[in-house]
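These notes concern the structure reproduced below.
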Amino acid sequence: MSRRVPHGRSGSRRVAALLSAIACCSVLVSCSSDDGGGSSTASVTPPNKSDFTGSPPSAIASAASSIIASASERASSAAASVEARASEFAASVSADTVRAAATAEKELKDVQGSGNATSEVSMKGVPTAETGGLRAVLLTITNTTDKTASYAVQVDFKNPDGKVVETKFVGKENLEPGKKATPIVISRQPAEPQLTAVLVKAQRY
């Protein structure tokens with residue numbers, strides 16, 4: 001006599017078998033090999049070029065050249081700017097002092113020793129940032145007498161060995177009693193070696 005399986009239990013078994021078969025097929029598909037060697041296969045999608053950033057070697061070289069050229073141009077421009085400022089500074093000072101310098105040199109020609117007015121003259125260096133890189137000295141001439149007077153001053157620039165490498169003259173005419181004048185002496189020597197400005201003569205006349 002055959003045994004009948006209840007319909008409900010038989011249906012459940014069929015569903016379970018179907019699900020098992022589907023799962024097995026999924027496993028077989030994901031683990032199948034096309035050469036029988038057991039190595040798994042996977043689909044590979046070529047990379048999208050738009051996903052990459054950067055420059056190819058030729059572009060990098062071009063960019064480097066552009067950067068170097070730009071830096072050189074900025075350096076040249078900066079150097080030209082410094083030179084322009086130096087020339088402008090020297091011109092503005094020279095316009096006021098050329099004639100006075102010639103007069104001062106003439107007045108000091110026959111002066112013996114350091115002159116009669118060194119105590120009335122002081123010196124102070126001017127920052128190169130303000131002169132465009134030129135070496136300059138600011139003189140302060142003070143008329144300490146009770147009469148109007150003129151002044152002639154000689155400043156020497158000495159190198160580290162004490163040798164005079166440059167001599168400058170500056171002056172101020174008709175300075176009133178108690179008043180001050182602030183002429184500037186500019187050296188045209190190179191920045192190196194370092195030079196020292198020395199007050200050599202100062203004559204009141």
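The values are calculated or read from the model by the stated rules, or taken from the named source; none is laboratory data. What you see is a predicted model; the values in this text were computed from it and never measured. Ideal geometry is used to build each Cβ from the backbone, glycine not excepted, and the neighbour counts take in all protein chains shown. In case anyone asks, the SASA skips ligands and DNA or RNA and just uses the protein heavy atoms, side chains included. Shrake-Rupley method; radii C 1.70, N 1.55, O 1.52, S 1.80 Å.
Check cross-link reach from Lys179 to the lysines: straight Cα distance under 28 Å, and skip same-chain residues fewer than eight apart.
Cross-link targets: Lys106, Lys109, Lys124, Lys147, Lys168, Lys201.
Once the whole set of protein chains is in place, how much accessible area is left on Lys124, using a 1.4 Å probe, in Å² to the nearest 10?
Rounded to the nearest 10, that gives 140 Å².
Under 19 Å from the 7 Å Cα→Cβ point of Ser122, by amide nitrogen: which residues of region 176-203?
176-185, 197-203
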